[in-house]
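Scroll down for the structure; my scribbles are underneath it.
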Amino acid sequence: GQNIDQPTEMTATEGAIVQINCTYQTSGFNGLFWYQQHAGEAPTFLSYNVLDGLEEKGRFSSFLSRSKGYSYLLLKELQMKDSASYLCAVSGDYKLSFGAGTTVTVRA
Amino acid sequence: DGGITQSPKYLFRKEGQNVTLSCEQNLNHDAMYWYRQDPGQGLRLIYYSQIVNDFQKGDIAEGYSVSREKKESFPLTVTSAQKNPTAFYLCATHVGLSEAGSYNEQFFGPGTRLTVL
């Protein structure tokens, strides 16, 4: 089975940094994805990690530790448009298992 | 324009009626997926198909049915047996097994919001 946990909500100020944690216990592992989803819209791909370590892509970075079953998504220099839900998803057996998502609210 | 089309964006049905949600893609992807999203529960997998004329049940297949007669199309039927069908339904595609070993993300359609009255 799959068990993927992430916080429900986080609030931060414009220009600040926010770290969204994701822990997982899965029967198979072929990588971890982070998606961004604005309300009422489709999720869009942010990052992928399959090896331990940090992947940096502009203002967004994602970290993975396979031995700990742990990942985080780091959002830097927060902008109002970053207010959205962030979904952690684990890939295995040619399908994705999603966490419930973390709603990030950016305040001016 | 390459992409995934889901129509309609909003759909209303009376309780007890079957309804079919469409998903069409021109990305030439082999794999297609259907997810359901409810508030606070993330995305849950209903059915998926890795290749034409083949599909597998996901985590919450009861009350749903699918077909995959063409590579481009993966319609989902919500039957009257589905006890709580009101939800946001998302279709996704993936390049498929031919790319195993290299990462490829799933691409999502715009979704259909189904409300059963």
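A count restricted to segment B:1-31 and to residues that are away from chain A (no Cβ under 14 Å) and either open to solvent by 60 Å² or more (accessible area, probe 1.4 Å) or of a type in the set (Ser, Thr, Tyr) (or both) stands at 13.
Among the residues making up segment A:70-99, a single one is of a type in the set (Ser, Thr, Tyr), more than 12 Å from every other protein chain (Cβ to nearest Cβ) and part of a loop (DSSP other than H, G, I, E, B): A:Ser83.
Within segment B:89-117, restricting attention to residues that are among the hydroxyl-bearing types (Ser, Thr, Tyr) and in contact with a Gly (Cβ under 7 Å, 6 or more places away or on another chain), the residue that is modelled with the highest pLDDT is B:Tyr89. Kindly indicate whether any position in segment A:32-52 is over 20 Å from A:Thr11 (Cα atoms), within 14 Å of another protein chain (Cβ to nearest Cβ), more than 12 Å from the chain's Cα centre (by Cα) and among the acidic types (Asp, Glu). Yes; the residues of segment A:32-52 include at least one that is over 20 Å from A:Thr11 (Cα atoms), within 14 Å of another protein chain (Cβ to nearest Cβ), more than 12 Å from the chain's Cα centre (by Cα) and among the acidic types (Asp, Glu).
Going through (1) within 25 Å of A:Asp5 (Cα to Cα); (2) away from chain A (no Cβ under 14 Å) one by one, B:Trp34 falls short only on (2). Residue count for segment B:37-63 under the criterion of being open to solvent by 10 Å² or more (accessible area, probe 1.4 Å), in a loop (DSSP other than H, G, I, E, B) and facing chain A (nearest Cβ under 9 Å): the result is 4.
Of the set (1) open to solvent by less than 20 Å² (accessible area, probe 1.4 Å); (2) farther than 19 Å from B:Phe107 by Cα; (3) touching a strand residue (DSSP E or B) at 6+ places or on another chain (Cβ under 7 Å); (4) more than 11 Å from chain B (Cβ to nearest Cβ), all apply to A:Ser65 but (3). In this structure, does A:Val50 turn out to be open to solvent by 50 Å² or more (accessible area, probe 1.4 Å) and β-branched (Val, Ile, Thr)? Spelling it out, A:Val50 is indeed open to solvent by 50 Å² or more (accessible area, probe 1.4 Å) and β-branched (Val, Ile, Thr). Taken together, the criteria exclude B:Asn84 from residues that are open to solvent by 70 Å² or more (accessible area, probe 1.4 Å), at positive phi and away from every other protein chain (no Cβ under 13 Å).
The values are calculated or read from the model by the stated rules, or taken from the named source; none is laboratory data. Note that this is a predicted model, so its numbers are computed, not measured. Using ideal geometry, Cβ is built from the backbone for each residue, glycine included, and neighbour counts are taken over all protein chains shown. The area values use the complete protein model at the heavy-atom level, side chains included, leaving out ligands, DNA and RNA. Shrake-Rupley method; radii C 1.70, N 1.55, O 1.52, S 1.80 Å.
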